[in-house]
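Each remark here refers to the structure printed beneath this line.
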Amino acid sequence: MFDGAYLGDFVPPREPGDPHPFTTPISVAQGPDGRIYLADQVEDVIYTFLDDGSFDGVFADAADGLDNPRGIDFFDGDLYVCLGATDQKVIARFTLNGARLTDFVSDGSSAFDILFLSDGAMLMAQTTDPDDIRRYE
């Protein structure tokens, strides 16, 4: 039975010399490959960790066009990332090997988080006027 008891840190707070200098871990999701993906909003990076919490690597960063990453989710084997930069409000899409594909949503919505439903539709929480939840296919 699960009761919400705190089990300890999965990734402990940053220490000098850590390979993952995250400052604002804002979203986390487990990929179809079993790795844990963590989006850092301020560092403009997505890190990967193994399922025991050990650092695995950098999946994507500013060199891949990440700017203000927010919510992340997986669908059909690809990683979808909400980007909230002033000049780049899109939902980016990446293959599991890190290749950036054509943006999934690029209508200027300010996506904060996303969730793919079992029917393939995507819900997006938008944070600018109007604050709403949008549905995409």
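Quick one: give the max-minus-min coordinate of the C-alpha atoms of segment 80-137 along each principal axis, largest first, in Å.
Result, largest extent first: 35, 31, 14 Å.
Return a whole-number percent for the relative contact order of the chain, with Cα pairs under 8 Å and 6 or more residues apart as the contact set. Walk me through the intermediate numbers first.
Details: 290 pairs, mean separation 18.0, N = 137.
Normalised by residue count, the contact order of the chain is 13 percent.
Calculated FRET efficiency, residue 87 and residue 134, Cβ-Cβ r, R0 22 Å, to nearest 0.05? Let's see the in-between values first.
Details: r = 21 Å, r/R0 = 0.94.
Here the calculated transfer efficiency is 0.60.
Relative contact order for segment 61-100: what is it in percent, counting Cα pairs under 8 Å that are at least 6 residues apart? Please list the in-between numbers first.
Numbers: 56 pairs, mean separation 12.5, N = 40.
For segment 61-100, the relative contact order is 31 percent.
Whole-Hz ³J(HN,Hα) for each residue in segment 120-137, computed from phi via Karplus 6.51 cos²θ - 1.76 cosθ + 1.60 with θ = phi - 60°, x for glycine and proline: what do you get?
x, 6, 10, 9, 10, 8, 9, 10, 10, 4, x, 5, 8, 10, 9, 10, 10, 10
Could you sort 135, 35, 14 by accessible area so the largest value comes first, with the probe set to 1.4 Å?
Details: 135 150, 35 55, 14 120 Å².
So the residues, ranked largest to smallest area, are 135, 14, 35.
Determine the share of segment 1-79's accessible area contributed by carbon and sulfur atoms, expressed in whole percent, with a 1.4 angstrom probe. Mind showing how you got there, number by number?
Values: 2350 of 4490 Å².
Carbon with sulfur: 52 percent of the solvent-accessible area.
Can you give the local net charge around residue 120? Use residues other than it whose beta-carbon is closer than 9 angstrom to its beta-carbon, Lys and Arg +1, Asp and Glu -1.
Within the 9 Å Cβ shell, the charges total -3.
Need the full-extension length gain, residue 2 to residue 78, defined as separation in residues times 0.36 nm minus the C-alpha distance. One decimal, nm.
Using 0.36 nm per residue and subtracting the Cα-Cα distance, I get 24.4 nm.
In segment 20-42, which residues have a backbone nitrogen under 13 Å from the label point lying 7 Å from residue 127's Cα in the Cα-to-Cβ direction?
24-27, 40-42
Put +1 on the Cβ of every Lys and Arg and -1 on every Asp and Glu Cβ in the chain; which of 104, 6, 39 then has its Cα farthest towards the positive end of the dipole?
104
What are the ³J(HN,Hα) couplings of segment 24-34, residue after residue, when phi is run through the Karplus curve with 6.51, -1.76, 1.60 and θ = phi - 60°? Round to Hz, x for glycine and proline.
In residue order, the calculated couplings are 9, x, 10, 8, 9, 8, 9, x, x, 8, x Hz.
Multiply the residue gap between residue 33 and residue 100 by 0.36 nm, knock off their C-alpha separation, and tell me the result in nm, one decimal place. Don't jump to the answer; show the numbers that get you there.
Numbers: separation 67, 0.36 × 67 = 24.12 nm, distance 1.74 nm.
Between residue 33 and residue 100, full extension yields an extra 22.4 nm.
The values are calculated or read from the model by the stated rules, or taken from the named source; none is laboratory data. Note that the coordinates shown come from a computational prediction; the quantities given were computed from them, not determined experimentally. Glycine also receives a Cβ, built like all others from the backbone with ideal geometry; neighbour counts cover every protein chain displayed. Keep in mind that these areas ignore ligands, DNA and RNA; they rest on the heavy atoms of the full protein, side chains included. Shrake-Rupley method; radii C 1.70, N 1.55, O 1.52, S 1.80 Å.
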